[in-house]
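Read the structure below first, then the notes.
The values are calculated or read from the model by the stated rules, or taken from the named source; none is laboratory data. Fair warning: this is a prediction, and the values are worked out from it, not measured in the lab. So basically every Cβ, Gly included, is an ideal-geometry build from the backbone, and we count neighbours across all protein chains shown. To get the accessible areas, we keep the full protein, side chains included, count just its heavy atoms, and leave off ligands, DNA and RNA. Shrake-Rupley method; radii C 1.70, N 1.55, O 1.52, S 1.80 Å.
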Amino acid sequence: MQASLKSKHVQHDATRKVRLQEWWFRNRALIGYAFIFPWFAGFIIFDAMPFIYNLYLSFTDYQIGTVSTPPWIGLDNYTEIFTEDKLFGKSMYNTLYYLGYSVPLRLIFAFFIALILNLRVRGMELYRTLFYVPTVVPLVAATVIFAGFLNTRYGFLNQFLVLIGAAPVRWLSSPDAIKPSLILLSLWGFGAQMIIFLAGLQSIPDDLYEAAAIDGGTGWHRLFYITVPLMTPTIFFNLLMGLIGGFQVFEQVFILIGTHGGPLQAGLVYMLHVYNKAFRDFEFGYAAALSVILFLIIFVLTILLVYTSNRWVFYGDAQDDET
Amino acid sequence: MKVSRLFGLAIAVMMLLSLGLAPALAQCDGEEIELEFMNWWGAHREALMDTLIGHFEAENPCIKVINQVQPWDNRAELLATAAASSNPPGIIMSTRPETYQFALSGLIIPIDAFVEAEGTDISVFYEGEIGLQYWNGELYGLPMPTAGLISPLYFYNKNMLRDAGFDPENPPQTWQELEEVARALTVADAMGVEVLGTNLGSNGDAFVFWLYTNNGRYSSDDGRTLLFNSPEGVETLEWMVNFTNEINGGVENMTDFFQDTNFSQGDHPFFDDTVAILHLNSAAFGHLNNVAPDLYWDTDSWGVMIRPYNGDNPDAKHTGVTGYNFVGAWAYTIPAAHPPEKQAAAYKFAEFIGVHEHGGCEFLFAQNRPSPVKACNENPEYYEQNPYWDKVKEALATDTPVQITPVQGQLAEILTNSVEEAFFGVKSAEDALNDAHAEMQALLDEFWAEFDADNM
């Protein structure tokens, strides 16, 4: 009798479990939506809505103190940017210059350090921590420290240059040296990319290196025929993030050389121009239009990069399987 | 007997004390209003402002003023975002170009009605000082400190002049004498300048300050026409560029020399005897007294003189400039976003700062600098507090107001860019000024066209 009751109980539990599974399966889409809702709500409130509002403002003459609906001026802001704004071209050139050097340099530097930190030597955890420490230093503090390094007379860099017999560089006072100074500063935060590279390097199977060694491959062969191809997804990701971040470089420039952009505005990057238009000239509609243009440039570049990635990013055997 | 006398004395003292403290202990009978006071009275001035606020609150127990001292860095942006927000500070310390900008945008209110209602006597101010606070015929703030004494003074190191063979009691009065002293004192090497005679400055503000010492003008009286690219203007900029290149080794040397230095903190070449002549505003008296009191009273070591003029121009003379830039013509403005009772409270505080004996008058006296209120400067104790009070008054008399508009911020930025181009040799002084003039006049014309259309 007792065995029969127990069996019924077990059977009942099993039925409940099956029903729950069926309910779960039937409503899986709903449950999925519930899980992504917090992110989605955040995206709508903090990204999509401000973006749409910014897009709207870019077609208006919205200025500081505009209390009612800002006047609609159509494409006037965009026309002015492309036909009259001398600083649009200048700030875009400065930003592209910065990007052209800082992104590849940071990628190469982070990759190189990651390669070294992937070696199997004693105390590697300590070295990895030490190399990552600069990344956790707040950007403002790092920039202030850098300003001291770059001081023409007392800065560490010039003291070093003089020590080795080279001429001192006017890092922050010469229009020619401003951009290199900013590029140098950009290397400071290589730690985040380095960690991603390191994770990528550790996911490469050892047997590939062993096979290469048996076939007589040298270290260079292993690097260029195994490591680099297998790391292309990680390189692609870091490149994409670097480009997006590089276009929006602002804080370090703002702290290091101020809103004017340094001598002859040689360091006036695009976001600084947007900032000046909004908060110095109070032309918020115009600044919104500048932001939309920057968004479009980043968007198009991202599409191009993703499109061309099929040709140089190696995602394992996925393509072979499809064919 | 003795005990009773002592007791009586104690009672008398307590009564006197209670009388003295009465205002401080006054209670608010109605609703208390909190007034956030956004200002830039940092360094040693913060404690002085707290004292001023204490006096005000004792007289106005229902108004609580919160002293919100702001950092100097990114001042304009901080101010703009605060003023434009839906909940701005109760009262804002703003410079003349900002006041005009906010007035035009409707962010602040004119105070004429308050002046009339409260019976404030604005004739106590120097006409030139209160005059700078009017935009489009309406008054937007009461001044404190003076708009004057931003440009006309220079501080100099008597020991350095003496050691170089110059008479420290007769410092340079003209551009030519200034050049002579600077040539004799400046020492430069491959790393830059080691000892500096003087720096003329290399931005638009500096150019305008020197322009007036060559009998030039920035704009016409109605503020509609820019005049700085006159022959006097070109001559001024050429002189500045040549001086900086030949004597100081270029503008980069000057940026490097003053990098990471701060006069108000005492971390400045002036305190190391490595700069002989320094063009400073009147706030420097208070800073000097605060960071180096021994030096402040040692008048054998330092002196004050009025900005040199072009000795080759017979029409030129010592001249200061007021109300041109972002470091002058401060006033206390009232945001439009607040309810009338808070605006009224803000005006009471602005009036206290402006005209009350325990307001700006005492506050500026404690800093050894002049007041925009005429009577305050007649205080004979100024002569004891400030060893160069005569020079201060003399310099104040040279100040000339400049007519500006709410787009002054943008105009000044264009002028600075062009002046920099001349310093870096990208353009000649004449071309730089003419190009700047064309761009700035177009912007100014556009502003006036819109303004006139709106006010038809």
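Go through the stretch B:418-443 and give me each residue that's surrounded by fewer than 22 Cβ atoms within 10 Å (Cβ to Cβ) and within 14 Å of chain A (Cβ to nearest Cβ).
Hits for the stretch B:418-443 are B:Glu421, B:Phe424, B:Gly425, B:Val426, B:Lys427, B:Asp435, B:Ala438, B:Glu439, B:Ala442, B:Leu443.
Which residues, counting only those in the stretch B:376-409, are more than 29 Å from B:Thr299 (Cα to Cα) and part of a loop (DSSP other than H, G, I, E, B)?
Within the stretch B:376-409, B:Val402, B:Gln403, B:Ile404, B:Thr405, B:Pro406, B:Val407 meet the criteria.
Anything in the stretch A:161-201 that is open to solvent by 50 Å² or more (accessible area, probe 1.4 Å), hydrophobic (A, V, I, L, M, F, W, C) and within 10 Å of chain B (Cβ to nearest Cβ)? List them, or say none.
Residues satisfying the conditions are A:Val162, A:Ala167.
Would you confirm whether any residue within the stretch B:261-274 is surrounded by fewer than 23 Cβ atoms within 10 Å (Cβ to Cβ), under 20 Å from B:Glu180 (Cβ atoms), touching a helix residue (DSSP H, G or I) at 6+ places or on another chain (Cβ under 9 Å) and away from chain A (no Cβ under 14 Å)?
For the stretch B:261-274, residues surrounded by fewer than 23 Cβ atoms within 10 Å (Cβ to Cβ), under 20 Å from B:Glu180 (Cβ atoms), touching a helix residue (DSSP H, G or I) at 6+ places or on another chain (Cβ under 9 Å) and away from chain A (no Cβ under 14 Å): present.
Just name the residue that is farthest from the other protein chains (Cβ to nearest Cβ) out of those in the stretch B:98-157 that are polar (S, T, N, Q) and crowded, with 21+ Cβ neighbours inside 10 Å.
B:Thr146
Which residue out of A:Phe279, A:Phe250 is within 14 Å of chain B (Cβ to nearest Cβ), open to solvent by 50 Å² or more (accessible area, probe 1.4 Å) and either touching a strand residue (DSSP E or B) at 6+ places or on another chain (Cβ under 7 Å) or on the phi < 0 side of the Ramachandran plot (or both)? Quick ask: steps written out before the conclusion?
Details: A:Phe250 fails: open to solvent by 50 Å² or more (accessible area, probe 1.4 Å).
After applying the criteria, what remains is A:Phe279.
Read through the list (1) part of a helix (DSSP H, G or I); (2) open to solvent by 10 Å² or more (accessible area, probe 1.4 Å), then give the number of the only condition that B:Glu194 fails.
If we test B:Glu194 against (1) part of a helix (DSSP H, G or I); (2) open to solvent by 10 Å² or more (accessible area, probe 1.4 Å), just (1) comes out false.
What tally of residues in the stretch B:165-184 results from selecting those that are open to solvent by 10 Å² or more (accessible area, probe 1.4 Å) and touching a residue at least 60 places away in the same chain (Cβ under 8 Å)?
8
Does at least one position in the stretch B:316-329 carry a residue that is within 19 Å of B:Met144 (Cα to Cα), open to solvent by 30 Å² or more (accessible area, probe 1.4 Å), aliphatic (A, V, I, L, M) and touching a residue at least 12 places away in the same chain (Cβ under 8 Å)?
Yes, the stretch B:316-329 contains at least one residue that is within 19 Å of B:Met144 (Cα to Cα), open to solvent by 30 Å² or more (accessible area, probe 1.4 Å), aliphatic (A, V, I, L, M) and touching a residue at least 12 places away in the same chain (Cβ under 8 Å).
Test B:Pro89 against the stated conditions and say whether it is open to solvent by 40 Å² or more (accessible area, probe 1.4 Å) and either part of a loop (DSSP other than H, G, I, E, B) or small (Gly, Ala, Ser) (or both).
no
Yes or no, residue by residue, for (1) part of a helix (DSSP H, G or I); (2) closer than 30 Å to B:Thr416 by Cα; (3) within 14 Å of chain B (Cβ to nearest Cβ):
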site	(1), (2), (3)
A:Gly261	no, yes, yes
A:Gly267	no, yes, yes
A:His273	yes, yes, yes
A:Tyr286	yes, yes, yes
A:Ile293	yes, yes, no
A:Ile303	yes, no, no
A:Tyr307	yes, no, no
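Kindly indicate which of B:Phe125, B:Phe166 is among the aromatic types (Phe, Trp, Tyr) and touching an Asp or Glu at 6+ places or on another chain (Cβ under 9 Å). Give the steps one after another, and end with the answer.
Values: B:Phe125 fails: touching an Asp or Glu at 6+ places or on another chain (Cβ under 9 Å).
Going through B:Phe125, B:Phe166 in turn, the sole match is B:Phe166.
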